Structures are given as structure tokens and as C-alpha cells.
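Step one of this worksheet: look at the structure below.
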Amino acid sequence: MFRTPHVGRPQGRRETSSRFRSIRANFRRLVGGRPVPTSVTATVLACVVIFGVALSARLLLLADQRTSVEAAHEVSYTQPRHYQNAGRRILDDPVHALLLDESNDRGKERLLVHPPGYPILIAAVFGVLGDSSAVLRGVQIVLDSFSAVLLFLIASRLFHQSVAFVSGLIAALSPQLAWNALVLQPDTVAIVPLLAAVLVLVWNPRPAIRSAIGAGVLIGISCWLRSNAFLLAPFLAVVAVPMLFPAGQRRRAACALVLATVAVIAPVTLRNWYVFDRFIPLSLGAGITFAEGIGDFDLDRRFGIPSTDVEIAKADAEWAGRPEYAKAVWFPDAVERDRERFRRAAAVVIRNPVWFSGVMVRRAALMFRCNDDARLGWPADTTHAPMVSLNPPYGHDRAAPPIEPLPPSVPIQSHTVQLSNGESQSLASMAVNPGTDYLVRAPVEAVSGSGAFDVRDDTGALIASLPVREHGDANKRRRQKADRDQRDALTELVMPIATVNARRLDFSFRADNGVRHNGLSLNMGQISGHDIGPTPGQWTRGPRWVARSIQRNVFQTSRWPVLVLAGAAILLLGYRRRALVAVVAVPAYYLLVQSALHTEFRYVLAVHALSSVLAAVTLVVTALLAAAAVRALHRWLRVRLLTRPEAEVASG
């Protein structure tokens, strides 16, 4: 009998496997196999620095965009006013506002449109700090700045401190996070408890059941603010808990996570059952977002499902044969209408699964989009966010009495402007002094359509813009309360401008472009500018340059997805499965669930926030590899330079 000799793997395969293990070990060492313990003082100092950077970036952006933000909230945005009015009603009568809310013209069914958490937060802020949109915006800015600190703490429990610190700085300087913090809606506030939930889960290497309970409570709090995370707890129970918890506790931890979330959400569910006699766990909206999500990508309207609230209301009236449905999207019969929308959207998905799968993939890809030059239309372009300006903005008191007005170079008499979609009309130019603040006044009244009043410098660059809208929809109720004799009076647009290096200002009106707009027709009066004085805040040019340089080079669509995907690949190659699951579990939930629905970028800010950790892994590993390459090159040059004289002597 002959014994068959043992045949091992081929030499080439063994070398390849050994090389792969070596590369993986190096990557694991670079991203930190275990977090390096640091002192409490160092951690607190890092948190203070990150919070300070985040707060400074948001305040600088607010200073740059104050006019645009305030004008948009006054003219374009309607949801912030609904939220604030709901908060005021809660202050006046909490029980009536949270259970009946019949004081508004949409009836108590408006209770079902959004969860009650954000109006309750507004009521608390208004009750303690005063009824002011500026104060509410300041609270949101502080909370959003704290999100960067939470990301630093999450990364510090999983990686080396260098990765954690860079993660916090990336989130602190993100223009997408900073811009959404200025908008008075619950999106940036809702991600704070989600990040806190992730921190609770990763705080201990072997978390106990109380960690799952704490995370579930925090997810429930986020659902009170915004319902997008409604299914996050069961998703984490299946995806994250098996990787984060010890084997003997996984089943109990998963149950504790889900039950804690259900317990926190239960009061809203019971309120809905008591008031409407319907089982509605949090709020309505699944039907309309499902339907509009199909309409966003069905440009040819093959399926007969529209993509806007106004069109959805008209479609409701047609589907149900109820003309009164066309007046409002949520009143009357909000529950029945939203369920009918969901049924029709689901029927489209069942009949066209391949097409809808492609829609989900494209929408998921848009969640990693940042700033770029492409214009894909709404809602895809909601990923764009303004960056911190290089130059300080208008810095004087806007309520200060203006100095003697300067006439335009081309006198403008009162007349009517008629513009088609996308058209613009130059009106006048005015000589100004560089480095000076001006107040530009333009009396206008939008008769129909929508557009903007633009101011450009002598190079043609846009330096300021204010939206102009017809007095309807958003301002309808306020105008109905006004005296009829004042309806035809011109409204004065007041635009603060810092000239920087400009010596001339050019004024123009521009009509919005798109299928939703019908040009712009307006009456206007004399345009004038007022010299207020030199622009203050010149000392901020240095910090502004640093912040803008990082924002321009990191938060670009051509770079950001590469940084995020490379970070995930590095963790896979370094065999950091627990850390990877902890970071990507929440983004994976939004990629799978939210990609099926109508999505604006503000709905998925948690994806962008946690992606900062993966981008930080890529940047730190790249920096370490570059440093190692420089050291290796330095050693090679030293050896070459030191051995060359010896070789020359030997040859001589």
C-alpha cells in the first residue's frame, strides 16, 4: 500500500494568501484594532474643539445666508409656520392642541400629518426663551453642533483617536448639515437622538441589556420628532444586535430594543386611536411619499401618479370622484385618501418590480450626493448646500436708519415687468465703494408667477438674491386679514449687501424655470441703495478660507462617495466587522427603506452624518500611508547617498 503524499497549496497561492494577510493586518493596524484609551481631559478638550468648530461654521453660514434664509421662511417655506403655530397652540392649551387641535382651518386631522415632538420642542423653546424664530434657529444650531460631538464619541469607541477627531471635524464643517440646521424643520434635531442611540450601543465592547433599552428609547424620541426612523429598531435588532452583543444576550437585547421603542411611541399611537378610532402608530404620510416617490421618476406619467402635493390632491379628487379633495391634500378624509395613495403606488410596484428596483438604486445613490454643478431638478438638487463665503457679509444693523440714498446710474420709473420661464431682465446699475455695506431697496409686487430679484457685481457674479412670489398660498391668510386698500400697494424688498471688491452693482429680475412655474409678472418702483459704512468682520477672512477650502475639496459629489466607499472597504479589508456594522447599520436602513419613498436630502441626514466616519477612515489611512511612503523614500535616499561614496572609493 502506498501512502499518498500530502500536497499543499501551490507556492504562488501561498505567497498571494500571505501577502493578502499582511496587507489586511497593516490596514487593521492603521484603523486601530482597538481604541486607544485617552484621558478624560483629552476627550473633553477634543469635544470642546469640535463643538466650537461646528458652532462657528454654522454661525458663519447663518451670517452669509441670513437674508436668503429669512426670506425663504417668509415667502417659500410653509411647514415652519405650521410647526410654530402648533407650538404656540400647545403653549396656550396643551391638552386641546395635542388631542383636538380644531383651531386651524384644516381641522383636527392635521394632527396626523406629523408627529407631535417638534411642536412640543418649539413650545418649550418659546415658553422658556421667548417666541422668536431667531431663538429657535439658535437652539437648532446648538443641537446640530452637538451632533458632531456625538460622531466623535462614536468613532472614539471604535477607532483610533485620530480617526475620531477627523470624523468630528468633517461633520462640523459639512455644509449639508450646517445648512439644514438653519431651516426651522425637525430634520437636524431628529438625528441627535439617533446618533446618541448608536453611541449607547457601541459605548461598551460587550454592551448589556440596558444599552439596548437606552438605544430603543432614543430611537423612539427621534420618531416623536420625525417618523422616518419608525422601522429602525426592528432593523437594528436583526442587523446590528447580533454583531454588537454577546451571543447569550442577543435575543433579549433585540426584544428590549424593539419594545423600548414601542413603549416610547405608544402615547402617540394611543392618542391617534382615541381621537380618530384608527390604528396609526405615528403619523400619516406613507401613502403620499410612496406615490410621489414613483412620480418623481415617472417623468412621462405612464402610471398616472403625480409628484407634487397639489397634483396629488387633484388626483385624489379624480380617483374618488370627490371634487372637494382637490382643495387640500390632507382634508377631508386624510386617512382614507393616504391609504388609497399607498394602494395605487403598491400596485405600480407589483406590476413593475424591475423598474422600481432601478428607482430605488438611483434614489439611494442620490443620498451620497453633495455639491456639484449638475442640475437634476427637485428633489435631487436638495443635496446642494451653500458653503461658507470667503468674505464677510453685511454686518450692520438692518433696522438702522439708512444714510442718504444713492440713485441708480439708470433711473428706473415705476413700470411692469413681464418675464417667461427662465428669462431675466436687467434694470439698472449703481456705482458703489468696495468693502462697504449697502441697503438696496426695491419696491415690487408680484402679480403672478415666481422668480427672484438678483444683484450682481461688475464681474457678473451673483452676490445677493431675494425670492419674489405672488401673494397666494403661503401668504393668503395674512393678506385676507390685511386691509383691502393695502393689497395693491408695492412691497419693498430690502436687501443688505456687502460690496467686497465690487465697484458697481447690477440689478435684475429673473423668472423661475420649470414645469411648476408660469413666468413672472410684477409691478415695480424706484430702486435705490444706501451707503451704511465699511463692512465689519474682516478678521474672519482667515477662518473662512480654511472652512471653505475643506468644504470645496471634501464635500463634492466626485469625491465624497469615493471617500465613503473606500472607508468601508478599508474596514472590510482590516477585518473590522463590528466597527463597520456599527457605523453603517443606520445608513443601510435609510438606503433600503427611504429609497422606496419620495426623498429630500433632509430626510436622510443621518446617512450623511455617519458617512463622515467612513470618510475619516479613508483620510486618516491615506495620510498614514503617505507618511509611511515618505519615510521609506527618505530611508532609501539616505542609504543611496551614504553608500555611494564608499562605492566610489572602492572603485578608485
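The values are calculated or read from the model by the stated rules, or taken from the named source; none is laboratory data. Since this is a predicted model, take the numbers as computed values, not measurements. With ideal geometry, Cβ positions are generated from the backbone for all residues, glycine too; neighbour counts draw on all protein chains shown. We work out accessible area using only protein heavy atoms, side chains counted, and drop any ligands, DNA or RNA first. Shrake-Rupley method; radii C 1.70, N 1.55, O 1.52, S 1.80 Å.
One table, with the values for the structure above:
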{"quantity": "Residue in the stretch 464-473 that is basic (Lys, Arg), at pLDDT below 75, under 30 Å from the mean Cα position of the chain (by Cα) and over 30 Å from LEU59 (Cα atoms) present", "calculated": "no"}
{"quantity": "Qualifying residue in the stretch 100-122 (condition: among the β-branched types (Val, Ile, Thr) and either at pLDDT 90 or above or surrounded by fewer than 16 Cβ atoms within 10 Å (Cβ to Cβ) (or both))", "calculated": "yes"}
{"quantity": "Pair list, Cβ under 7 Å, 6 or more apart: the stretch 284-300 residue farther than 17 Å from ALA364 by Cα, other residue hydroxyl-bearing (Ser, Thr, Tyr) and open to solvent by 20 Å² or more (accessible area, probe 1.4 Å)", "calculated": "GLY285/SER227"}
{"quantity": "Every residue from the stretch 411-424 that is under 21 Å from SER68 (Cα atoms) and at pLDDT below 75", "calculated": "GLY422"}
{"quantity": "Count - residues of the stretch 574-586 that are open to solvent by 10 Å² or more (accessible area, probe 1.4 Å) and either of a type in the set (A, V, I, L, M) or closer than 21 Å to PRO175 by Cβ (or both)", "calculated": "3"}
{"quantity": "Boolean, PHE152 is part of a helix (DSSP H, G or I), aromatic (Phe, Trp, Tyr) and open to solvent by 10 Å² or more (accessible area, probe 1.4 Å)", "calculated": "no"}
{"quantity": "Wholly within the stretch 172-281, helices (runs of 4 or more DSSP H) carrying at least 2 residues that are open to solvent by less than 50 Å² (accessible area, probe 1.4 Å), modelled with pLDDT of 90 or more and polar (S, T, N, Q)", "calculated": "175-182, 209-225, 250-276"}
{"quantity": "Lone unmet requirement of (1) open to solvent by 40 Å² or more (accessible area, probe 1.4 Å); (2) out of contact with any strand residue (DSSP E or B) (no Cβ under 9 Å at 6 or more places or on another chain) for ASP397", "calculated": "(2)"}
{"quantity": "Condition check for TYR77: surrounded by 15 or more Cβ atoms within 10 Å (Cβ to Cβ), at pLDDT 85 or above and among the aromatic types (Phe, Trp, Tyr)", "calculated": "no"}
{"quantity": "Residues satisfying the stated conditions in the stretch 568-591, i.e. under 24 Å from PRO186 (Cβ atoms) and free of Cβ contacts under 8 Å to residues at least 24 places away in the same chain", "calculated": "none"}
{"quantity": "Scope the stretch 560-569; condition of a type in the set (A, V, I, L, M) and open to solvent by 20 Å² or more (accessible area, probe 1.4 Å); matching residues", "calculated": "VAL562, LEU563, LEU565, ALA566, ALA568, ALA569"}
{"quantity": "Qualifying positions in the stretch 529-559 - crowded, with 20+ Cβ neighbours inside 10 Å, more than 15 Å from LEU59 (Cβ to Cβ) and more than 18 Å from the chain's Cα centre (by Cα)", "calculated": "GLY529, ILE532, THR535"}
{"quantity": "Matching residues, the stretch 425-459, being open to solvent by 40 Å² or more (accessible area, probe 1.4 Å) and at pLDDT 80 or above", "calculated": "GLN425, SER426, ALA431, ASN433, PRO434, ARG441, ARG456, ASP458, THR459"}
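For (1) touching a Phe, Trp or Tyr at 6+ places or on another chain (Cβ under 8 Å); (2) modelled with pLDDT of 90 or more; (3) closer than 17 Å to VAL166 by Cα, each residue gets a yes or a no:
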position: MET495; (1), (2), (3): yes, no, no
position: ALA511; (1), (2), (3): no, no, no
position: SER521; (1), (2), (3): no, no, no
position: HIS530; (1), (2), (3): yes, no, no
position: GLY542; (1), (2), (3): no, yes, no
position: ASN553; (1), (2), (3): no, yes, yes
position: GLN556; (1), (2), (3): no, yes, no
